[in-house]
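Undergrad: First, the structure itself, so that you have it in front of you.
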Amino acid sequence: MSTRRVLLASLLGLVTVGATVVTIAVANAATNSYEAESASNALAGGAKVANCSACSGGKKVGFVGNNAGTLQFNGVSAAAAGSATLTITYASGSARNATLSVNGGAGQSIAFTSTGSFNTPGTKTVTVTLNAGNNTLKFSNSSGWAPDFDKVTVDTGGGGGGGGGAPTAAELLAKVSSCNQISNGKYKTDSDVSAKTVAVCGATGAVFWKSDMDIDCDGQRTTQCNENTDCCFQNDTAFHQSDGKPLNSAALPYVVVPSTSSIWNFENSGVHGASVVAVIYQGKVAYAVVGDTGPTQIIGEGSYALAVALGIDPNPSTGGTDSGVTFIVFTGNSSIVKPIEDHNATVTLGEQLGRQFINNN
């Protein structure tokens, strides 16, 4: 449970966090990233997930190739059929090759140069042809080892407008321009302000609010989130991963909702742990899950990884933004992601629910 904003603001700003890059799948125009280690992918023939401190999410997939190991990315989304730019983030201590098959088609041979080590990511960009909807990308090597894979980023070159594909920020914001208030009163944005200015609003298939965003670094201890980087760090979150561990704020985009009070009971509105949330800031749409609960009087908080995805300073002591963030929480059992830590599944479901939200409001 997040308690950061019930402490005095004077306690903040005491620690500086080093520069850190965390890459998260962001539905900004038509660019999405997919982690190699995602549970939604298919690994076979000895390919397996391994630790990689410099990789996105701290993981990679190795042992691909040698006429056995394969890695298949599933659920790679495209709003329309056509060419896409595929950026492959990989790590390799030597020059290697891999074969890429799109949707089970003929393989494309790709040469990868050395990145210096198997824990040093680099990128390789190729052009692929995708179908409208979900696609598969399968990596293999029949004659030797392929590099280790961190993630792939797909750019189809345009937004998902016209009633289909990934929703744009403008499309979503057009549906939340007015508020049908469902909260019994309003929330403050921080503990050191007295004004209660933020209402929770209702719509078909979602609830939403517009506020600031402070950084919640609670959950698993990481380089970015711990007692030394965050004065208010707690080693737990209200909702847990499928293995029972707290969520990882540095790796997983999640949103904090206010704990149940006389102002609002989120569960009565169809919001649950792992419900998908579309978060919009300065033209970007990032998909997250409901991952933690916070103070009963305050609203507007997201994880370290969510801040990175939106281009917000993620420093848990000095970061965040004072305004301009819109949170759209999709409601009902169909909005829940399982497992909660599968961010690729969150993005895929979020885009579907976002399109439904636009069509139904």
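Bear in mind that the values in this text are calculations on the coordinates, not laboratory data. Note that this is a predicted model, so its numbers are computed, not measured. Please note: Cβ atoms are built from the backbone with ideal geometry, for glycine as well, and neighbour counts cover all protein chains shown.
Undergrad: Work out from phi, with θ = phi - 60° and the Karplus expression 6.51 cos²θ - 1.76 cosθ + 1.60, the ³J(HN,Hα) of each residue of the stretch 310-324, listed in order in whole Hz, and give x for Gly and Pro.
TA: Along the stretch 310-324, the couplings run 8, x, 9, 4, x, 4, x, 9, 10, x, x, 9, 7, 6, x Hz.
Undergrad: Can you compute 3J(HN,Hα) from phi for each residue in the stretch 192-197, using the Karplus curve 6.51 cos²θ - 1.76 cosθ + 1.60 with θ = phi - 60°, rounded to whole Hz and x for Gly and Pro?
TA: 8, 10, 9, 6, 9, 10
Undergrad: Next up: Working from Cα positions, state the angle (0 to 90°, nearest 10) between the long axis of helix 343-360 and the longest principal axis of the chain.
TA: 60 degrees
Undergrad: Roughly how many nanometres apart are two label points built 7 Å out from the Cα toward the Cβ at residue 44 and residue 182?
TA: My value for the distance between the label points is 4.3 nm.
Undergrad: Mind checking which lysines have their C-alpha under 18 Å from residue 138, skipping anything on the same chain fewer than 8 residues away?
TA: Once the sequence-local lysines are set aside, what remains near residue 138 is 48, 60, 124, 151.
Undergrad: Calculate how many DSSP beta bridges within the stretch 31-155 are antiparallel, expressed in % of all such bridges and rounded to the nearest 5. Mind showing how you got there, number by number?
TA: Values: 47 of 47 bridges.
Antiparallel bridges: around 100 percent, rounded to the nearest 5.
Undergrad: Continuing with the same structure: For the pair residue 318 and residue 227, what calculated FRET efficiency results from E = 1/(1 + (r/R0)^6), where r is the Cβ-Cβ distance and R0 = 22 Å, to the nearest 0.05?
TA: On the way: r = 16 Å, r/R0 = 0.75.
Efficiency computed from Cβ-Cβ geometry: 0.85.
Undergrad: With label points built 7 Å along Cα→Cβ from the Cα atoms of residue 265 and residue 243, find their separation and express it in nm.
TA: 3.6 nm
Undergrad: In the chain, what % of DSSP beta bridges are antiparallel (nearest 5)?
TA: Taking every DSSP beta bridge within the chain, about 90 percent pair in antiparallel fashion.
Undergrad: On a full-extension model of 0.36 nm per residue, what is the gain between residue 101 and residue 197, subtracting their alpha-carbon distance, rounded to one decimal in nm? Display every interim value, and only then the final one.
TA: Details: separation 96, 0.36 × 96 = 34.56 nm, distance 5.21 nm.
Residue separation times 0.36 nm, minus the Cα-Cα distance, leaves 29.4 nm.
Undergrad: Taking 7 Å along the Cα-to-C-beta vector as the label spot, tell me the residue 114-residue 81 distance in nanometres, rounded to one decimal.
TA: Each label point lies 7 Å from its Cα, and together they span 4.4 nm.
Undergrad: Another question, if that's okay. In sequence order, what are the phi-derived ³J(HN,Hα) couplings for the stretch 200-211 according to the Karplus relation 6.51 cos²θ - 1.76 cosθ + 1.60 with θ = phi - 60°, rounded to whole Hz, with x for glycine and proline?
TA: Coupling constants for the stretch 200-211: 8, 10, x, 8, 5, x, 6, 10, 8, 8, 10, 7 Hz.
Undergrad: Given a Förster distance of 35 Å, report the FRET efficiency between residue 282 and residue 126 from their Cβ-Cβ distance, rounded to the nearest 0.05.
TA: Values: r = 30 Å, r/R0 = 0.86.
Efficiency at R0 = 35 Å is approximately 0.70.
Undergrad: Something else now. Could the peptides 284-290, 296-302, 323-329, 77-83 be put in order, highest first, of the mean number of other beta-carbon atoms found within 10 Å of their residues?
TA: Values: 284-290: 26.6, 296-302: 24.9, 323-329: 20.9, 77-83: 17.4.
My ranking of the peptides, most packed first, is 284-290, 296-302, 323-329, 77-83.
Undergrad: Let me ask something else about it. Over every pair of different alpha-carbon atoms in the chain, take the mean of 1/r and invert it; report that Kirkwood radius in Å.
TA: Every distinct Cα pair counted, the radius reaches 20.9 Å.
Undergrad: Then there is this: What residues of the stretch 224-250 lie in the reach of a label at residue 53, counting those whose backbone N is under 12 Å from a point 7 Å from the Cα along Cα→Cβ?
TA: 224
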